[in-house]
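Novice: Can you keep this structure in mind? I'll have questions shortly.
The values are calculated or read from the model by the stated rules, or taken from the named source; none is laboratory data. This structure is a prediction, so every number in the text was calculated from the model and none was measured. Because the Cβ atoms are built from the backbone with ideal geometry, glycine has one as well, and the counts that use them run over all protein chains shown. Protein only, heavy atoms only, side chains kept; ligands, DNA and RNA dropped before computing areas. Shrake-Rupley method; radii C 1.70, N 1.55, O 1.52, S 1.80 Å.
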Amino acid sequence: MDSFDPALVAVKSAHFIGGHYVAGAAGLDVARPSDGVVYADLPIADAGLVDRAVEDAWRAFKTSDWARRAPRERARAMRRWAELIEADVETLARLESVGSTRPIRDAALWDVPFTAEGIRFYAEYADKVGGEVAATRPDHLGMIVAEPYGVIGAIAPWNFPLVMASWKVAPALAAGNAVVLKPSELTPFSTLRLAELAIEAGIPPGIFNVVQGDGRTTGDALVRHPKIAKVTFTGSSKTGAAIMSACAETGTKPVTLELGGKSPQVVFADAPDLDLVARRIAGAITGNAGQVCVAGSRLIVERAAAARLVDGIETAFKALKAGHTWAPGTTLPPIISAVQAQRIGGIVARTVAQGAQVATGGARIAVAGEGAFYAPTILTGVTADSEAVREEVFGPVLTVQTFDDEDEALALASHEKYGLAAGVHTSDLSRALRAMRSIEAGTVWINRYGRTSDFVIPTGGFKHSGLGKDLGRHAFEANLRFKSVLIDLNQGA
Ligand code: NAD
């Protein structure tokens, strides 16, 4: 699947509540990032409609058999859901690609299969993790019983709409919860199809719902709803903090927050195969045009290797092809919106005004239509105080800092605010492990960068990058609450 005609992709502009599409009055124009064409309008769920969705979910949680079904049966429905998603790859990949920054090839070969496999991964947990029998005094029996929370409020970003939604929804459902998901208002449609397929797979109506709208109206109403027992969020650090405080104000609700990053790529001169490292670093800042939470945006390189490495990265940048998400061979997709492209340009300009040099890029690229494309950019001559080093750019902008020894490298690698991920490239295993221990980040990749399909490895940030984990056993357990039970065996004999 290499290309498609965007005009032929039909979207359902609606919410999905209680197993049905629910129409709403037009609220927001939704534009295609690739060419700026408005292709749909989006209803905005107000507090009343959010209430209806949460109440429906609560009713389904209480009255359907989802939470009480034998866990293996719950797993079976989720596996069937994964199969339906895989079989629907053409529709889903086009829905994902037309309105997001995901090139069709990537959507078909990565986003859709990754979504299905993530659901399958959590289906397998449904009957593998239970409670515990505690080591109490012998005349008592102590149990720690795992229960679903009830209704989970899930809020997703726009950069990988299907995959990010699945990381929230799959562990919550596998644990027996109901979910009300709010996708990003910039990429709202593909998750509706997921909800439709969930019904076909045998997941009861009302267990997985989608409400559309912006953060201020719909997102805020969702996290503040009294019947939302837990919130799981992926997005910016600023929104994460606002959600955390809304959760504190409305019931000390637990939260999982997957937030922004400013991840370092630390390269020592003894790294195995510097040319390969250069290609990896280029890929880690230009994949999805840098609109990736774990984008490796700060290159920290030993002085002796800097020139060769930067050269290799520039060569890899030149091989990229900017284009519409539906065009064949696109490897550099658009920025999500003109506003975001302007923001990227502003950070680059202010960093240059602070004394940085643009080694390559530093400007928009023209592609037919009104889409916003930004050239892969390298900024040298930066310091820890440069704006592009301090702030998440969320675009294809790489800063370069050099070091002369390990201590200096590790001091540069730590960031005052963020701690999402880091890459360390060296042939010296002890040094790699010292770096791993020193860097404050939720994930450290050694001699690679980026996730594999090993869903068992959790992801999540330290400091302003978040709280809790997506993926792995941890994300499943975070969707359960634990009830302590103590039975006096001397009684009732
Ligand atoms: P955003 O914070 O602007 O929006 C994320 C979601 O929150 C959207 O659905 C939005 O409508 C909603 N929202 C906004 N204000 C809200 C409020 N007050 N209450 C409730 N909901 C609200 O983020 P974005 O621009 O969509 O996504 C990009 C950000 O996401 C980047 O910072 C990126 O690093 C981060 N991200 C993190 C991870 C991770 O795993 N750590 C993964 C992907 C993206």
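Novice: Name the residue, out of Leu489, Leu480, Leu467, that is touching a residue at least 60 places away in the same chain (Cβ under 8 Å), open to solvent by 60 Å² or more (accessible area, probe 1.4 Å) and under 27 Å from Ile119 (Cβ atoms).
Specialist: Numbers: Leu489 fails: under 27 Å from Ile119 (Cβ atoms); Leu480 fails: open to solvent by 60 Å² or more (accessible area, probe 1.4 Å).
After applying the criteria, what remains is Leu467.
Novice: Among the listed residues Thr443, Thr459, Thr452, which satisfies the condition of being within 16 Å of the ligand (Cβ to nearest atom), open to solvent by 50 Å² or more (accessible area, probe 1.4 Å) and among the hydroxyl-bearing types (Ser, Thr, Tyr)? Steps first, answer last, please.
Specialist: Details: Thr443 fails: open to solvent by 50 Å² or more (accessible area, probe 1.4 Å); Thr459 fails: open to solvent by 50 Å² or more (accessible area, probe 1.4 Å).
The match here is Thr452.
Novice: Among the residues of region 404-418, how many are crowded, with 23+ Cβ neighbours inside 10 Å and under 26 Å from the mean Cα position of the chain (by Cα)?
Specialist: Of the residues in that region, 3 qualify.
Novice: Additional query: Checking the condition in a loop (DSSP other than H, G, I, E, B), open to solvent by less than 10 Å² (accessible area, probe 1.4 Å), in the same structural domain as Val37 (by TED's automatic domain parsing) and more than 9 Å from the ligand (Cβ to nearest atom), which residue from Ile152, Ile203 passes?
Specialist: After ruling out the rest, the residue left standing is Ile203.
Novice: Testing Ile347 on (1) among the hydrophobic types (A, V, I, L, M, F, W, C); (2) part of a helix (DSSP H, G or I); (3) open to solvent by 10 Å² or more (accessible area, probe 1.4 Å); (4) within 24 Å of Leu332 (Cα to Cα), one condition comes back false. Which one is that?
Specialist: Failing condition for Ile347: (3).
Novice: Of all residues in region 379-403, which are assigned to a strand (DSSP E or B) and buried (at least 24 other Cβ atoms within 10 Å of the Cβ)? I'd like the intermediate steps shown before the answer.
Specialist: Here is the first cut: in region 379-403, the residues assigned to a strand (DSSP E or B) are 379-380, 397-403.
Of everything in region 379-403, those that are assigned to a strand (DSSP E or B) and buried (at least 24 other Cβ atoms within 10 Å of the Cβ) turn out to be Leu379, Val397, Leu398, Thr399.
Novice: Note down all Cβ pairs under 7 Å where the first residue falls in region 4-19 and is open to solvent by 80 Å² or more (accessible area, probe 1.4 Å), the second is assigned to a helix (DSSP H, G or I), and they're at least six residues apart or on different chains.
Specialist: If the second residue must be assigned to a helix (DSSP H, G or I), the pairs left are Lys12/Leu192.
Novice: Which numbered condition in (1) within 16 Å of the ligand (Cβ to nearest atom); (2) open to solvent by 10 Å² or more (accessible area, probe 1.4 Å) is the only one that Ser166 fails?
Specialist: (2)
Novice: Mind checking which residues of region 70-90 are within 8 Å of Ala123 (Cα to Cα) and within 24 Å of the chain's Cα centre (by Cα)? Steps first, answer last, please.
Specialist: Keep residues of region 70-90 that are within 8 Å of Ala123 (Cα to Cα), which gives 74-76, 78-79.
If the condition is that a residue be within 8 Å of Ala123 (Cα to Cα) and within 24 Å of the chain's Cα centre (by Cα), then Ala75, Met78, Arg79 are the ones that fit.
Novice: Ok, one more. Can you name the residue in region 63-72 that is exposed (fewer than 15 other Cβ atoms within 10 Å of the Cβ) and among the charged types (D, E, K, R) and, of all such residues, is nearest to Ile207 (Cα to Cα)?
Specialist: The selected residue is Asp65.
Novice: For residues in region 211-229 being out of contact with any His (no Cβ under 6 Å at 6 or more places or on another chain) and either open to solvent by less than 10 Å² (accessible area, probe 1.4 Å) or not assigned by TED's automatic domain parsing to the domain that holds Leu192 (or both), which is farthest from the ligand (Cβ to nearest atom)?
Specialist: Per the stated criteria, the residue is Ile228.
Novice: Suppose we filter region 405-430 for residues that are touching a Phe, Trp or Tyr at 6+ places or on another chain (Cβ under 7 Å) and basic (Lys, Arg); how many remain?
Specialist: Going through region 405-430 one residue at a time, the tally reaches 0.
Novice: Further, regarding this structure: Considering only residues that are touching a residue at least 40 places away in the same chain (Cβ under 8 Å), open to solvent by 20 Å² or more (accessible area, probe 1.4 Å), closer than 29 Å to Ile203 by Cα and not β-branched (Val, Ile, Thr), which ones fall in region 20-45?
Specialist: Hits for region 20-45 are His20, Tyr21, Gly24.
Novice: Ok, one more. Among the residues of region 369-376, is there at least one that is open to solvent by less than 30 Å² (accessible area, probe 1.4 Å) and closer than 30 Å to Gly118 by Cα? Outline the logic, then answer.
Specialist: Looking only at region 369-376, we keep the residues that are open to solvent by less than 30 Å² (accessible area, probe 1.4 Å), and these are 371-376.
Now drop any that are not closer than 30 Å to Gly118 by Cα, which leaves none.
No - not one qualifying residue is present in region 369-376.
Novice: Let me ask something additional. Only one of Val255, Val352, Val292, Val266 is over 30 Å from Arg481 (Cα atoms), in contact with a helix residue (DSSP H, G or I) (Cβ under 7 Å, 6 or more places away or on another chain), modelled with pLDDT of 95 or more and not hydroxyl-bearing (Ser, Thr, Tyr); which?
Specialist: Residue meeting the stated conditions: Val266.
Novice: Here is a further query. Pull out all pairs, ordered by first then second residue, where Cβ-Cβ is under 9 Å, the residues are six or more apart or on different chains, the first lies in region 174-188 and is over 22 Å from Arg59 (Cα atoms), and the second is surrounded by fewer than 24 Cβ atoms within 10 Å (Cβ to Cβ) and hydroxyl-bearing (Ser, Thr, Tyr).
Specialist: Partner pairs satisfying both residue conditions: Leu186/Ser337; Pro188/Ser13.
Novice: Now a separate question. Inside region 270-313, can you point out the residues that are touching a Leu at 6+ places or on another chain (Cβ under 7 Å) and among the basic types (Lys, Arg)?
Specialist: Arg308
Novice: Exactly one of (1) open to solvent by 20 Å² or more (accessible area, probe 1.4 Å); (2) in the same structural domain as Val129 (by TED's automatic domain parsing); (3) aliphatic (A, V, I, L, M) is unmet by Met1. Its number?
Specialist: (2)
Novice: Select from region 230-255 the residues that are more than 8 Å from the ligand (Cβ to nearest atom) and in a helix (DSSP H, G or I) and write down the one among them that is surrounded by the most Cβ atoms within 10 Å (Cβ to Cβ).
Specialist: Restricting attention to region 230-255, the residues satisfying the condition of being more than 8 Å from the ligand (Cβ to nearest atom) are 230-232, 241, 244-245, 247-255.
Remaining after also requiring in a helix (DSSP H, G or I): 241, 244-245, 247-249.
On the way: Ala241: 13, Met244: 17, Ser245: 11, Cys247: 21, Ala248: 11, Glu249: 11.
Among those residues, the one meeting the criterion is Cys247.
Novice: Before we move on, is Ile457 among the aliphatic types (A, V, I, L, M), in contact with a helix residue (DSSP H, G or I) (Cβ under 7 Å, 6 or more places away or on another chain) and free of Cβ contacts under 8 Å to residues at least 60 places away in the same chain?
Specialist: yes
Novice: Please indicate, with yes or no, whether at least one residue in region 88-109 is within 26 Å of Ser484 (Cβ to Cβ), outside the structural domain of Gln291 (by TED's automatic domain parsing), crowded, with 24+ Cβ neighbours inside 10 Å and among the β-branched types (Val, Ile, Thr).
Specialist: No, the conditions are met nowhere in region 88-109.
Novice: Which one is farthest from the chain's Cα centre (by Cα), of the residues in region 256-290 that are within 15 Å of the ligand (Cβ to nearest atom) and hydroxyl-bearing (Ser, Thr, Tyr)?
Specialist: Ser263
Novice: Moving on. From Leu181, Leu186, Leu197, which residue is outside any helix (DSSP H, G or I) and open to solvent by less than 10 Å² (accessible area, probe 1.4 Å)? Can you show your working first?
Specialist: Working: Leu186 fails: open to solvent by less than 10 Å² (accessible area, probe 1.4 Å); Leu197 fails: outside any helix (DSSP H, G or I).
None of the others qualify; the one that does is Leu181.
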